[in-house]
Each structure stands twice: as structure tokens, then as C-alpha cells.
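Structure first, commentary second.
Every number here is computed from the coordinates shown, using simple stated rules; none is lab data. Since we're looking at a predicted model, the values are computed, not measured. Glycine also receives a Cβ, built like all others from the backbone with ideal geometry; neighbour counts cover every protein chain displayed.
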Amino acid sequence: MTIDKREINEFKLVIAGLDNAGKSSALIALRKKYNFYERVKNLKPTIKIDYSSFKFLETYRINLWDMGGQKKFRKIYISNPIYFTETNYIYYLIDIQDEIKFEKSVKYLHDLLNIYRDLDYSNEVIICFNKYDPKFKYSEDFFDRAEMIKNLILSQNKDMKFKFFDTSYYDISSISKAISYSLDKLLNLEVIDIGLSKIVNQFSCSYAILYTASGLIISDHYMDVMDIRAFEEKISSRINEDLEFFQRLKDEDVKIDDRVALSEDRTEYVKRYSIISGNIENIFYIGISAPTSKINEIKIELEKFRKILLSAFM
Ligand SMILES: Nc1nc2c(ncn2[C@@H]2O[C@H](COP(=O)(O)OP(=O)(O)OP(=O)(O)O)[C@@H](O)[C@H]2O)c(=O)[nH]1
Ligand SMILES: [Mg+2]
């Protein structure tokens, strides 16, 4: 009997960093728990390790290891490399607001990476400058801090690959973007990324975003730089609205798979895809904003996009 490999696809993401770096908050934000600010406010330091896992689409399970960062726990991990075996991606969060702890944080990272060296970890190490709240986005001071830490990490760990993100729980999308980065790699979603970027360029879309039914962004492209606030206002709220819209259609058993909204010379268009592989159905959405004159051509192109989704998820 053959076992469908996809049915048992599990991945392990380790989330580490000093205490108070915001690891648990980020994970809660990621799960987009309703009213998560309230929950985060009452969050207690993590005792040792908090395991959680979520299903990504119908065929993958992502296991998150939230490694409580207090000193007593750090000591335990450092002397027990077993915790880190079979890690697909390590995320390391640094509290960018807490200058006093930078040195300690870079040192702990170095200790962890020594474990990963022994384990022959070869993926990128993902560093999140966390608590990089929207109000600091244009702060030169914060920019310099991040550059300084980045250079320090790179010079100390020349043998490893890194990817850096600025994240904040005031911008959920910044966290989901950082997580999507590893998921894209693990699930081979590059073909999707290329397809979407082509559409943006070919039709002068202001943006195109592919996301799942739980609002996790799989791929996104923008014509112009989109700042965090604009992103929150335009994209996040639109994703929520569109998901609600399609949920209502589903509840009322209406079979419509796209939605058009006109605003002056631009059209906002979203298309729902149902991709069935075996007896598993995955739902995707592509939302775009494009010149109204191009919308018919785009519809044709998005219909072809189904093939790309099929090739990635069958
Ligand atoms: N301004 C700001 N505060 C944050 C952010 N993320 C977390 N915090 C705050 O930072 C504090 C610590 O957050 P936690 O998520 O508990 O930190 P942790 O890294 O899990 O800590 P340990 O479990 O002890 O390792 C909380 O008071 C959060 O409200 C952020 O993006 N911006
Ligand atoms: Mg915690």
C-alpha cells in the first residue's frame, strides 16, 4: 500500500529568543485569535516550552515550539540539544526596543546556532527584529539598531544563512509574512510566487495576494511600496471582508466564486479557488487591485492560475 506523503507532512518551527522578546504574543497574533490584544495583555512568561500546532491547508501540520526564554530554561535547552533535532526552521526573536539586552540576545543566538551547527541545520536562520512597532518604522535610531545587530550576527556566524524581518504584534501581517517565508520554502510554493508577480507586472496591479481560508498569506506582491499602515487599512481589512463575504455565501449555499468592487478607475477583484486532491479540498483566494480596463484580461489570467495552484497542491 502506498501512503500519500502529503498526508503525513509535519514540520517543526522553533521560536526562540530571550524572555520578553514577544514570542508567545507573536504566535497568538498569528493565530489571529479574536480579541488577541486582550489575551496578550494577560500573557504570562512561558514555562519551558509551549507546543502548539496548526493545520496549513488540509495536508500539512505545522508544529510550533515556543521556547520560554527565561534564563533557567535557556540553560536547559543549551545542555540538551535534543530539543532542536529535526527543526525545519528556527525563528529567533530580538526585542528591538530593549537595547540593554542586545548583547545577551546575540550571545544566546550564537549558543543556539552552535547546537544547530552540530545538527547540520542548513536552512536559513530567520531573525525577527520584534516589537518594531509601526510608529518606529521611520525611526533612524531603530534602523541603525537593526543594522548594527544584523552586522554583528553576520560577522559571528559566517557559515550560516540568515533572513531578517521586522515584526510587531501591532501589524499581524508582518508576523504572518515572516512565517509564510518558511512555509513557502517548505511547501515549494515558489512557482506560485512567480506566477503572481507576473500578473502584477503584466497588468499594473497595485497588488495581488494569495491567501488561505484562515487568512494566512501564501504570497503577495505590490506595485509600489506599501507601508504598514496602508497594508493594514487596505489589505488586512480587505482579506477579512472578503473572507466574511465568501463565508456568508457558503452559509447561504450560494455558488459564486468571485467578487468585484469598483472604485473610480480601479477594480478590486477576488477569486475563490477550490483545489481538490484525493478527497481533500483546499480553498484559496486571490485578491487583486487593478485598472478597471484590464479586469477582463485579468479574469482570464486568474482562471489559468488554477493550473498553477493544482500543480503546487495536487
Ligand atoms: N510594543 C510591543 N510589545 C510587544 C510586542 N510583542 C509582545 N509585546 C509585549 O512584550 C511582553 C512579552 O511578551 P511575551 O510574548 O510574553 O514574550 P515571550 O518572548 O514569550 O517571553 P517568555 O515566554 O518569557 O520567553 C508582553 O507584555 C507583550 O505585550 C510587540 O510587537 N510590540
Ligand atoms: Mg512566552
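See the values below:
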read-out	value
Within the chain, longest stretch free of exposed chymotrypsin sites (Phe, Trp or Tyr not before Pro) [DSSP loop, at most 10 other beta carbons within 10 Å]	139-314
Loop GluC sites (Glu not before Pro), segment 68-146, which have at most 15 other Cβ atoms in a 10 Å radius of their Cβ (DSSP)	E86
Amide hydrogen neighbours beyond the local backbone of T46, cut-off 5 Å, H modeled	G69
Fraction of antiparallel bridges per DSSP, segment 55-139 only, in percent to nearest 5	25 percent
Prolate/oblate/rounded label for segment 142-181 (Cα gyration tensor, a/c 1.5)	oblate
Rounded if a/c under 1.5, otherwise prolate or oblate - segment 173-314, Cα gyration tensor axes	rounded
D159 paired with E190, simple spin-label distance in nm, labels 7 Å along Cα-to-beta-carbon	2.5 nm
Under 13 Å, Cβ to Cβ, from Y121 - net charge with Lys/Arg +1 and Asp/Glu -1	-2
Nearest 10 degrees, 0 to 90: helix 102-118 Cα axis against the chain principal axis	80 degrees
Simple spin-label estimate for Q70 and E241 in nanometres, 7 Å along Cα-Cβ	4.5 nm
DSSP beta bridge pairing in the chain, given as percent antiparallel to the nearest 5	65 percent
Relative contact order %, segment 5-186, counting alpha carbon pairs below 8 Å whose residues are six or more apart	25 percent
Loop sites in segment 83-189: trypsin sites (Lys or Arg not before Pro), DSSP, at most 16 other Cβ within 10 Å	K137, K158, K161
Cβ-Cβ FRET estimate between S293 and K234, R0 fixed at 25 Å, reported to 0.05	0.75
Unit charges on C-beta of K, R, D, E only; dipole of segment 190-313, Debye	360 debye
Loop GluC sites (Glu not before Pro), segment 214-314, which have at most 12 other Cβ atoms in a 10 Å radius of their Cβ (DSSP)	E252, E264
Efficiency of FRET between N151 and K104 - r from beta-carbon atoms, R0 25 angstrom, step 0.05	0.90
Under the Karplus curve 6.51 cos²θ - 1.76 cosθ + 1.60, θ = phi - 60°, whole-Hz ³J(HN,Hα) for segment 77-88, x wherever Gly or Pro sits	5, 4, 8, 10, x, 4, 4, 9, 5, 6, 6, 7
Dipole magnitude of the chain about its Cα centre (Cβ charges: Lys, Arg +1; Asp, Glu -1), debye to nearest 20	840 debye
Mean separation of Cα contacts under 8 Å (6+ apart) over length of the chain, as relative contact order %	14 percent
Value of relative contact order over segment 190-313, rounded to a whole percent, pairs C-alpha under 8 Å and six or more apart	29 percent
Angle between the chain longest axis and helix 140-156 axis [Cα atoms, degrees, rounded to 10]	70 degrees
Shape of the chain, Cα gyration tensor, a/c cut at 1.5	prolate
Linear extension gain, N63 paired with S139, 0.36 nm per residue minus alpha-carbon span	23.9 nm
Euclidean distance of C-alpha centroids, segment 272-312 and segment 91-121, integer Å	40 Å
Segment 127-264, dipole about Cα centre (Lys/Arg Cβ +1, Asp/Glu Cβ -1), debye to the nearest 20	480 debye
Of F129, S174, Y222, farthest towards positive along the dipole that unit charges on Lys, Arg, Asp, Glu beta carbons give the chain	F129
Shape metrics for segment 144-250, restricted to C-alpha atoms - Rg then Dmax, Å	16.2, 54
In degrees, nearest ten, helix 172-186 long axis to first principal axis of the chain (Cα)	90 degrees
